[in-house]
Structure formats: C-alpha cells, structure tokens
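The values are calculated or read from the model by the stated rules, or taken from the named source; none is laboratory data. As the structure is a computational prediction, the values presented were derived from the model and not from experiment. Neighbour counts run over all protein chains shown; Cβ positions are idealised from the backbone, glycine included.
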C-alpha cells in the first residue's frame, strides 16, 4: 500500500477498528429502531448522530499530542471531580436527585467522565513516579486516594455500577504500572474475607435480599428478580437465528425492562438470536484487541498505561453488561457500549477510542498538535 | 511465563517495569479473552440448550388465556318452561390481588356505577373477606352507560374487570328459592377442593344450594377461552383466537312451575310448606317452603340489609321447611292409623261411645270436642276426627302395627331425592323408645302417637307421600327428575276395599259432615278428600294454641287428594304456628283448584294479595326499602358461615334437636269448628272452646 488515490489523512485512520465499530453502532441503531416499535424516533437516529459526532471528536482527539494529554491530566481530573461534587451538592440543595447536567443535545453525567479521567490521571501519576518507588507505599497511597475520592462520591449517589467501573479502571492501571503482585493478592484475599462479613453484618435486609435474588432470580419472579428473569427469557427464546427483526415479543410487549438501554443486548438477542449475539461479542473482541495492540506497541510508560486503562474501561462496560443480561452478574445499571441508547455512555466510550487513536499516532509520529 | 519474576518484584527500574507491563498486559488480555469465551458459551447455552424452556416462558408471557364462563344449563319445569335461566348482562368485578388502593378504587367505582352507600358498604365487607385470587362482584345487571363509564377508565382502575356475560335468572324468584337454590362465587374451600381455574374466573358462579348445588356438574358446561396478546401491564394488544363456551346441560324437573309459584304466593304471610305429588308417578309437582329468599339477589353474595332482614325474621326464611322442618303431624295420621286397624282385622263398624274423653290408666285423655261425639265408628272417627275412637282402638291393636303402617306409607322415611338434606323425623314404637330413652313403652305413648302427637315427628314431604300412597295404594316414591317413562310403582298390598272405605271417610271430611267443609273444591265433578290436623306446640297451661304469641300457636296441617274416586294429585300443607288446621286447608283447596282451573284459583289469590301488600317479591322489595331507610349501611356485618351457605345458617330443624322425653300425657289438640280466615295472624278469631289440662286424679 504505497500510493493510493485515498488521501493520506483518510488512509491513516485505523479502519480495522472503525469499520467493525460503525457496523456495531448501525446494528445497535437497528435494534433501537425495533425496540421503538419500528420507529426511527426517539432512539435510532439520535444514536447514529451521536456516534458520528463523537467519532469526529475522537478523530480530533487523535491529533492531540502526548504532552497535551500529560499537561491536561491533573486539571481534567480535578475539573471532573469538582463537577461531580457540584452536581451532588446541587442535587442535595434542590432536594431532587439530579446527577447530570443538561447540555441541550444530551445530558452529561460527570461520573461518566470520571472513568477515562481516572485512567488518565493515574497514567500520568505512575509516569512521573520514579521507578523504585513503584513498589513502596508512595506508589500505592496517592493512587488509592485518586481512585477512592471520586468513587466515594459516585457511590453515595448511589451508583454502584459506575463506582465499580471507576475502581476497575484505576486498579487495572495500578496493576499494569507494576505494583507488587502480592498487594493485589492480599487485597483480593481481604475482599474475600470482608465480603461475607459485610453480607451478614454490614448489609440491610433488603440489600441481602437483592444478593440472594441475584443468586436465584426465579425465587422472586415478580420483584427484583424480574429484570434478570425477563432478560434471560428474551435471550433464551431467541434461539440460534432469533425471532426475526421486529418480532421480539419480550421487548415489544414491555416484559423486558429498559429494553433500549441496559437490556439492549437482550432486545437484540431475542430478534437476532445467537448469531447476533456472537457478532456483537466479535466486534468487541476486535476493538479490544486493537486497543491492546496499541498498548503493547506504545512507545513509553504513559502511553502504555493510558492505552491499557482505556481498553480496560471499555472492556469493563461490555463485560459487566453482558454478564448482567445473561444472569451472571447482579443488575447494576451499566449500559452496553455502542449499543445502548445514551449520550454519556457513548461519549465516554468514544473518548476512550479517541485516546487510543491518539496513542496509536504517537508511535507513528511522536510529535503532533501541541 | 516466569511467574516467579512477577511475584517477587525486585527493586524496580524502568526496564523491569516495562517487562512487567508487557507480561501483565498479556495476562489481562488472556483474562479478557477467557471472559469473552465464557460469555459466548453462556449465550449459546441460553439460546440453544435452554431455548425450548425460554420460548415457552416467552409465550406464556405474551399470550393471556382468559376463560369465558360457560352459560349455565337451564333448570326446566315439567313442561319445559324455565325455572332458572340465564340473562345477558353487563357486570363489573374486582380482583382483590390486583387492587393497588382498594378504598380509592371502591369509592371511584361507587361514583361511576352510582352505588348506594349500602352497596358500597357491602362491597367493602366482601373485599375484607376475599382471598387474593377470588373475584368479587361489584355489580351485575348494569346498563350500557354505567358499564361504559367504567370500561373507558380501566387504565386508572387496576384490578377492575368489566365483562359482558350471563347471569343466572330465576323468573319466579322466591317461589323456587329453596327448591332450586342459588349460585354464587366459589368460596376458598371450594377452590381448595377443585383447583379448576374456572372457579376463580370473574363472573363464574357455582351452585350454592338446592338443585344448583346437587347438579353442579351437569349444569356447569365447558368454559370457552379467549387467547389474547397482552403487554406486561395487561393491556390487550390483539385477539389471537376464541373458543366458544359449551353451555351446561338443562335439568328437567317434575315441578309444575306455575303451580309452584301459585302455591308460594298463596302461602301469603304465613310460614309454611306446600307439597303436591302426582298420584300416578310420584312426580313432585310443587315443593314450596315460605317465607323464602330471592335467589336472584343472592348471586352476588348476601348484603348486610338482606342478612339483617333474614335473621330478624322469626319465620326462618332460610330454612327449607319441606325437607328440614319437622312437625308433629296431628290428626293427619288418623286415616293411616285407621288403615292399620283395618289390616289388623278391626271391623269398620266397631264403635265406641265418645263422651269427650277417655280414661287411660289414671289419666283422662280428652277428645278435642269436650261435649263428645256420641257413638263413633271408623268413618265418623275420621271425618269428625274423634280422638276417643282412636285412643280406644289403638290400645287394642298396639303400636307395632300402627308404626309399621306409618312407615309403609312413608313416615319416618328418607327418600332418594337429589336434595341437600332431609330431616326424616320419628315414627316411635316400643323398640325405638327403649333404644333412645331406655324406658318401657307406655300406653299413653300409643295414645299420643295415634293422634300424631308425642314423639311423632314428620316433615311435609312425608305427609304428601303418605297422602299419595293412601290415595293410590301404590308405593309411590317422590321424584324430582322428569322422565317421560316413569317407573311403574309397586302396589303396597293394601286391599282395595280398605282404601275405598278410607277414601270415602276422607271425602266426607270435606264434602260430608266433616271438619273441613270449607275445603270443598269449587270445581264440578271433582271431589276433594282430605284430613285436617292441628298439632299442639306448647301445653295448654301456656297457651290455648289459637292466639297469643306466634310461636305458641298450634301448627295447622292438611293432607288431601283429588279426585277422591280416581286420585290424580295429592297435596300436603303445613302452616307453622297457623293456629290450627283452619289455616292449612284453604291453602290446599286453592292449590288443588289451580290444578283443575288456574283462572278461578288465580282470582282468589289476587284478591288476597291486595290485603298482603302484593306478591312475595313486591313485599320483599318494600321490606328491603324500609330496612335500608332504617339501618342504611349501619346494619350488622354478615356472619361468615352465612356467606358460605345461607342454608347452612338455617340448618337447625324446627323441632329441637334433642327431642325431650314425653313424661306426661298430652291433652289432645283441639279441632277448630269454624274456618279461620288466613288473612293476617292477628286478625284470626279465637275459635272453639279450649280444653284445659286435666291433672291426674
């Protein structure tokens, strides 16, 4: 591929990722079209438009230099943290529970922005941290603080899913930064000991009930287990080839809750079956493999950690969501990237994509816009 | 991979960190890949291995099967006219389980359906008692406007089910209440027994009493079904298919509907029973117990006002007196006793002198006529109802033979009838008394029994059977189910000349010098033969039995058949506390007249009903109106067992359950000489001189 009629700026884009991703978004849009009862409004069109807008944003981001990312890391982190606190306070003052800012064409949840921001700030932190200190408390404590403060604010919203996503992104960056493995093993062991103690002594009855229902959703088919049960029915009844486009009874007759957001995978699987589900998983595999490839080829520590953290963030979304709809994880309210209808989630994931695209470019052309 | 190196991180350097990163990224990638494979397998497991299960569940989500209650089979009289039919109507039910705010919904329904305060109170009562799955009827028989008013507001009324359906209709209302019974929503117990989803379908009713209960299976039919596609919130998206219901089979009874209604109305304000039997087949043409209840108004359960009305009424409207009422039969047993005498070889001409009483042992038993009847043979003993004649010869013949004849003619017997229950009473004999009380039979026991007092207890059905068997000489069995070719009854083996003698004497009761001259039929060439009876309820030291407290008055009895020379119909009438047989035989006369000339009988009745305040239905409506004006929604709550079965609440028979031992000779009951009009109990004049109790000397 030496010379081509395609302009170099176009040819340079990572089409091996963009093409499958676009296919996934269009597929998601078709599912949303069906979920709306065969209408482009209110979800299908906005879904595609948002993707187009945020793809443009990602392309612009991809031209930002490494220095700009490094420079912006702490200001962005604290700006998002302040936004998070601000929204929390506004919600408390207003007496309501508003966790978002209205930007006109979409609503923005600062907690969503925190997911890439935490990865960015930790990458910057470990990049600057002298190598010998990585294995000492000076590597652990500040990083832990950077994760814990926003996670605490999100968890009191209460939004357990997003808090977990923030923690997961941060912990993955810490893990890849080379913190001693025994700390993670010790942390895991502590978690295994604390979890049952917390279950029996720390949780309210209703919270304990939710855990039990997650273990056995059929025990409460009309209550909290309803979501999982109906989602499994939707997926299971789809079979290999699905019920056909527009024929999903679970979603159209409103048995499936949140059929256009958190449970969009179930909506899709009911109409497209196993084949549709494997296609979605395949696209995620391609995108994530592309991201891991970038991380491995990344020229320096900051880029490495940043790229791997962004991949982990997307991965966490996709994994928790699909596990949830298939009854392998509790219902925590995490949307499926690129398929669920929702501006904040689309923006977060496209920021991750844009960052990865930028890192990809740093390897080819170390200097970019600055 | 060098796990040891990962584990034991040496003093770090940028190069080592880079190595560590590369290793750990591979680990992370492997974990991601592994989870991806896990997700794909889980997806395949759900959609392939468990596909069938989930497809079924999705179908059961999507498709809602609504049962269409089957139309109940009609109950027909012998001529095919409906005694119970179905009426198309609009109805509204609620399903308590699906109510979100019960009080709000009830009040809203009250407004939309224009319910009265009483109806709203009754609805709340029913909701309090209802179990989650049982539908509760709000109102049936709605007009289109009110039905539509609820239907269009359904989204705001969760748990409310408006329906077009059929409801049970009894054209003659109270006249068939005890006979046919009534229908109502299935109770929790009934649903426990029969886990049929039909039982909890709104609008479906099961038989609660009488024929409706006995022939539930036959009348039920097969429900139809409607398959609809519904959303999670229950909104119907479209109809998938509908299967029509199969109506229940009709039940053909031997009852003569118009006669049943006539008899019920003719009883007027009295508490009593009328049974009419066909003397050729044993078909029961009429089986009436009054006062009664209107089965039409029981279909939605018993409301507070209704319950208050029923429980205040000392005439016990809920008790079927034909089967459940036990009465001392009084002198109506005399033809039967006479037949026993004839069979024992007593000459009908054997006479005794009646001086107004007879000494038995150290007691004097009085004849109802204190002045005495002079010389009395068997015929005179019957038509003048002379007690002394029977006292005298019963002692000669003995109780065993009399009791045997009583049982042959149907007294003390339980018949094979499709009814909820029968109280069969007592025909006493020495063995019975020994078994029951451990005492020897005394002569005065025989004396009491021969005039239908003492231990003797019968129900009105048995009296009708006795009349029909006396008339025909056949072992007629009472029948309720119509059959074009009824079984040929066996002969009782009583010589025809004996029967002819008794028939003549019974005809003389009415058409000759007897005790019921006013019972003569106003029909040419049809002579009625009958026998009066007056049964004492309390000792003469308490009441004369003629006036005073209603519950102290004598029972009035009359058994009869017509035409006397070629018996076709037999009839028994009991008027509880009617003050004597004078209350009973005019009823029997008019009912028998109706069989031969309905127009003539109807004219008499219509004239009487003017004085009574209309037909039973009209009187009940007026009473309901005055009760609701007086008590409103403050009437006491309906007792739980009444909710289940109104009949069960009134199961206690008229006579006390534990029959007291008769220790003393009872003074014979008086026979009224002048006919007492049956207009109103208070207006009845006090007849005939009342004999007083005579203490043993």
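Here are the numbers for this structure:
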| quantity | calculated |
| --- | --- |
| Only listed residue being buried (at least 19 other Cβ atoms within 10 Å of the Cβ) and either touching a residue at least 24 places away in the same chain (Cβ under 8 Å) or more than 30 Å from residue B:323 (Cα to Cα) (or both), chosen from B:152, B:160 | B:160 |
| Those residues of the stretch B:495-513 which are in a loop (DSSP other than H, G, I, E, B) and modelled with pLDDT of 90 or more, in sequence order | B:495 |
| Of all residues making up the stretch A:117-145, the number that are more than 21 Å from residue A:181 (Cβ to Cβ) and surrounded by fewer than 20 Cβ atoms within 10 Å (Cβ to Cβ) | 2 |
| All helices (runs of 4 or more DSSP H) inside the stretch A:155-247 with 2 or more residues being within 14 Å of another protein chain (Cβ to nearest Cβ) and at pLDDT 85 or above | A:160-176, A:181-197, A:226-238 |
| Breaking point among (1) at pLDDT 90 or above; (2) touching a helix residue (DSSP H, G or I) at 6+ places or on another chain (Cβ under 6 Å); (3) more than 9 Å from chain A (Cβ to nearest Cβ), for residue B:82 | (2) |
| Which numbered condition residue A:335 fails, given (1) more than 10 Å from chain B (Cβ to nearest Cβ); (2) surrounded by 22 or more Cβ atoms within 10 Å (Cβ to Cβ); (3) under 23 Å from residue B:26 (Cβ atoms) | (3) |
| Filter result for residue B:41 (under 30 Å from residue A:305 (Cβ atoms) and either outside the structural domain of residue B:216 (by TED's automatic domain parsing) or modelled with pLDDT of 85 or more (or both)) | no |
| Residues located in the stretch B:453-489, provided they are closer than 22 Å to residue B:327 by Cα, in contact with a strand residue (DSSP E or B) (Cβ under 6 Å, 6 or more places away or on another chain) and part of a loop (DSSP other than H, G, I, E, B) | B:455, B:478 |
| Lone qualifier among B:402, B:382, B:397 - being in the same structural domain as residue B:498 (by TED's automatic domain parsing) and more than 23 Å from residue B:460 (Cα to Cα) | B:397 |
| Failed criterion for residue B:310 (all others in (1) part of a loop (DSSP other than H, G, I, E, B); (2) surrounded by fewer than 24 Cβ atoms within 10 Å (Cβ to Cβ) hold) | (1) |
| Residue count for the stretch B:398-419, restricted to those that are surrounded by 20 or more Cβ atoms within 10 Å (Cβ to Cβ), farther than 17 Å from residue B:477 by Cα and in contact with a helix residue (DSSP H, G or I) (Cβ under 6 Å, 6 or more places away or on another chain) | 2 |
| Exclusive hit being in a helix (DSSP H, G or I) and within 14 Å of chain B (Cβ to nearest Cβ), set A:348, A:313 | A:313 |
| Candidate set: the stretch B:207-266, residues that are part of a loop (DSSP other than H, G, I, E, B) and within 14 Å of another protein chain (Cβ to nearest Cβ); chosen: the one surrounded by the fewest Cβ atoms within 10 Å (Cβ to Cβ) | B:233 |
| Hits in the stretch B:538-562 - residues which are surrounded by fewer than 24 Cβ atoms within 10 Å (Cβ to Cβ), farther than 20 Å from residue B:269 by Cα and without any contact (Cβ under 8 Å) to a residue 60 or more places away in the chain | B:538, B:542, B:543 |
| Hey, residue B:223 closer than 30 Å to residue B:110 by Cβ, in the same structural domain as residue B:85 (by TED's automatic domain parsing), in contact with a helix residue (DSSP H, G or I) (Cβ under 6 Å, 6 or more places away or on another chain) and touching a residue at least 60 places away in the same chain (Cβ under 8 Å) or not | no |
| Pair list, Cβ < 7 Å and 6+ apart or interchain, from the stretch A:121-140 residues that are more than 10 Å from chain B (Cβ to nearest Cβ) to residues that are in a loop (DSSP other than H, G, I, E, B) | A:140/A:179 |
| Number of positions in the stretch A:1-60 that are under 23 Å from residue A:282 (Cα atoms) and in a helix (DSSP H, G or I) | 30 |
| Residue that is more than 14 Å from chain A (Cβ to nearest Cβ), surrounded by 14 or more Cβ atoms within 10 Å (Cβ to Cβ), part of a helix (DSSP H, G or I) and in contact with a helix residue (DSSP H, G or I) (Cβ under 9 Å, 6 or more places away or on another chain), where the choices are B:46, B:67, B:109 | B:109 |
| Criterion violated by residue B:278 - all others in (1) touching a residue at least 60 places away in the same chain (Cβ under 8 Å); (2) surrounded by 19 or more Cβ atoms within 10 Å (Cβ to Cβ); (3) within 19 Å of the chain's Cα centre (by Cα) satisfied | (3) |
| Residues of the stretch A:290-307 satisfying the condition of being in a helix (DSSP H, G or I) and more than 8 Å from every other protein chain (Cβ to nearest Cβ) | A:290, A:291, A:293, A:294, A:297, A:302, A:303, A:306, A:307 |
